[in-house]
Amino acid sequence: MSANLDWGNLSFAYIKTPYRYVSNFTGGKWDEGCLTEDDKIVLSECAGVLQYAQTVFEGLKAYTTADGRIVTFRPDLNAERLVSSAKRLEIPVFPEERFLDAVDKVVAANRDYVPPYGSGATLYLRPYLFGSSEVIGVKPAKDYQFRLFCTPVGPYFKGGVKPITIRVSDFDRAAPRGTGHIKAGLNYAMSLHAIVDAHNNGFDENMYLDAATRTYVEETGGANFIFITKDKKVVTPLSDSILPSITRRSICYVAEHYLGLTVEHRKVALEEVKDFAECGLCGTAAVISPVGKIYDHGKEICLPSGMSAMGEITQKLYDTLTGIQMGTIEAPDGWIREIK
């Protein structure tokens, strides 16, 4: 029986669901883990996550397809990326097969909270790892916890899929050879002031440049960039400091194999942004949010696609990818994992 929610009017906000998954790492190994109804975490005041931000996380979604199945989209890549993130912060790896099992269990246990097909809403899944034992010196914790909860959400941007206005930020998102390429909580903490400041000044998001030269486009606080050239090539910025977005990688595959477009993954200079035809932000939460205008310290870069709707190619990419996710377009092998 479906939960009694107004699916079409959900915001991107937390709603408690009945079950979550928990596993603890103690004595050098992970326990067998279990589902629980307890949403509270009890920690020492000196826990590693609280002292030195030793935590990494993921984000993925479950959907109801057109034919009524409940599925997740490429969760194996989230499992793989969590492994990379954990290694960088000296957190014990949570095995990929156990990650997938936890996803299956949590979605199945909360299936009443998976929004119906056509509602525009999805079930957002948040797996995360953190240091749970006491640490006072600067070093990794000894004990850890893996948790995975879910919450039904509406669109990430309240206005829906409409072009947004962003600015070139004066802040740096990630240092060269730093942690920009992993999904660590600390990366997002340092972006909070910049996004609040952007919102206070009338912008929807920040465009971060490379910290070394401040001449190349990197990403926003929570999404990768995609650009469309005037001759309809898809261009994505290349940098060791960019999070390898699963959505961006999927979009590039769709562009090449479904739409027959040329894809370039390369450095993108800020100076050339004015010459692109379309721009978008892509990630799990928003899928693709089109960018209509970029503000660069008194100069406005107005994309030819405009502020009224997605550009032609961005729209085709969005429609194709969401069609794959929702089951109206056949998916590549291994992209869709059905929840029984």
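Things worth noting here:
- Overall form of the chain per C-alpha gyration tensor (a/c, 1.5; a/b vs b/c): oblate
- Region 51-160: radius of gyration over Cα atoms, expressed as a fraction of 2.2 N^0.38 Å: 1.22
- Residue 230 versus residue 214: modelled label distance in nm, points set 7 Å from Cα along the beta carbon direction: 3.0
- Estimated FRET transfer efficiency (residue 38, residue 136; beta-carbon r; R0 30 Å; 0.05): 0.60
- Inter-label distance for residue 97 and residue 175, nm, one decimal - labels placed 7 Å from Cα along Cα-to-Cβ: 3.9
- Sites residue 16 and residue 200, calculated FRET efficiency, Cβ-Cβ separation with R0 25 Å, nearest 0.05: 0.25
- Relative contact order [Cα under 8 Å, 6+ residues apart], region 129-268, whole percent: 19
- Per-residue surface analysis assigns residue 307 an accessible area of about 90 Å², computed on protein heavy atoms at 1.4 Å probe radius.
- Residue-averaged 222 nm ellipticity for the chain, from DSSP H runs of 4+ at -39500 (n - 2.57), nearest 500: -6500 deg cm²/dmol
- The distance linking region 293-309 with region 12-62 is 41 Å (Cα centroid to Cα centroid, whole angstrom).
- ³J(HN,Hα) computed for each position of region 318-335 - Karplus, 6.51 cos²θ - 1.76 cosθ + 1.60, integer Hz, glycine/proline x: 4, 4, 5, 5, 5, x, 5, 5, 8, x, 8, 10, 4, 8, x, 4, x, 7
- The base-10 log of I(q)/I(0) for region 174-233, evaluated at q = 0.13, 0.16, 0.20 Å⁻¹, reads -0.41, -0.60, -0.86 [Debye formula, identical scatterers on Cα atoms, solvent excluded].
- Computed accessible area, residue 72, all protein chains, 1.4 angstrom probe, square angstrom: 0
- Count of Lys pairs (Cα-Cα under 26 Å; at least 8 positions apart or interchain) in region 1-153: 17
- Efficiency of FRET between residue 87 and residue 308 - r from beta-carbon atoms, R0 51 angstrom, step 0.05: 0.70
- Counting DSSP beta bridges with both ends in the chain, the antiparallel % (nearest 5): 85
- In sequence order, region 113-124 has phi-based couplings of 9, 7, x, x, 4, x, 7, x, 9, 9, 9, 8 Hz under the Karplus curve 6.51 cos²θ - 1.76 cosθ + 1.60, θ = phi - 60°, and Gly or Pro positions carry x.
- The amide H of residue 336, built 1.01 Å from its N in the peptide plane, has 74 as neighbours under 5 Å, considering only residues 5 or more places off or on other chains.
The values are calculated or read from the model by the stated rules, or taken from the named source; none is laboratory data. From a predicted model like this one, the values you see are computed outputs, not experimental measurements. Neighbour counts are summed over all protein chains in view; Cβ atoms, including those assigned to glycine, are modelled from backbone coordinates with ideal geometry. Each accessible area value is taken on the protein alone, full model and side chains, heavy atoms only, with ligands, DNA and RNA left out. Shrake-Rupley method; radii C 1.70, N 1.55, O 1.52, S 1.80 Å.
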